[in-house]
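Undergrad: The structure that follows is given in the form of structure tokens.
The values are calculated or read from the model by the stated rules, or taken from the named source; none is laboratory data. Just so we're clear, the structure is a prediction, and the values are computed from it rather than from any experiment. When we count neighbours, we look across all protein chains shown, and the Cβ atoms used for this are built from the backbone with ideal geometry, even at glycine.
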Amino acid sequence: MNSGDLPPSRPLLVVDDDRKLCGLIRDYLAPRGWQVDMRHTGPEGLEAASTGDYEAVLLDVMMPGMDGFEVLRELRKTSTIPVLMLTAMGEEADRIVGLELGADDYLPKTFSSRELLARLRAVTRRSVRSGEAADAGKEWSAGDLTLNEETHLVTLDGGNLELTALEFAILASLLKAKGRVKSREALLEEVSDRRFDVFDRSIDVHVSQLRRKLGDDPKQPRFIHTIRGVGYKLKEPA
């Protein structure tokens, strides 16, 4: 095993009705430290993802009956497990819908094996970071919004917020830079280990979801302000 490969026995759930593709993914990832479970229908995938102890879920959009969007919508009611969506090549609408429903990242169905491994590393690394005491005891706040890196708790007006690992990472980055602008490029590279593309709207979608959970009106935001043509800035609420 190369030094850059992942440690053994990391459980991954693959939900896709293409059995041949599932087998290829398993055969590639198994020697690289992943224990791959496969489900081939939406209901089976949802049950496994909801009850199993997986580090991530690789979820296809196009499945008969219950598609990947429905699975993700139901899963996000109870779980913040990292989800990587498989989308048809060039279907930007599928990517945007998946991100809006709470997917952490996406891959077109023409992905290379190396890209798959890189994306899996990125989404699971975010999840591990968010669950660890990265800066033990560090707490960041703006008004009634508080983020604690040790407990991975985010509270607003005294109530807990349920954020995905990526949303937590974006909020932490903005809180630490409170009052300073974070460019879209910097945010994307910091939280997803992916280079910025001018056509990539993923950061905007994730910020939009984060705003929704914060109850932030983008036209009159309390916390996250858009700096047109640049990025975002988190400010102390008035």
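Here is a yes/no grid of residues against (1) assigned to a helix (DSSP H, G or I); (2) within 23 Å of ARG201 (Cβ to Cβ); (3) modelled with pLDDT of 90 or more:
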| site | (1), (2), (3) |
| --- | --- |
| ARG114 | yes, no, no |
| ARG119 | yes, yes, no |
| THR124 | yes, no, no |
| GLU150 | no, no, no |
| THR155 | no, no, yes |
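Undergrad: Separate question: Somewhere in segment 160-167, is a residue surrounded by fewer than 21 Cβ atoms within 10 Å (Cβ to Cβ) and over 13 Å from THR80 (Cβ atoms)?
TA: No, there is no match, as no residue in segment 160-167 is surrounded by fewer than 21 Cβ atoms within 10 Å (Cβ to Cβ) and over 13 Å from THR80 (Cβ atoms).
Undergrad: Can I ask one more? Can you tell me which residues in segment 28-60 are over 17 Å from the mean Cα position of the chain (by Cα) and aromatic (Phe, Trp, Tyr)?
TA: TYR28, TRP34
Undergrad: Same structure, new question: Looking at GLU189, is it over 17 Å from the mean Cα position of the chain (by Cα), at pLDDT below 85, surrounded by 13 or more Cβ atoms within 10 Å (Cβ to Cβ) and not polar (S, T, N, Q)?
TA: no
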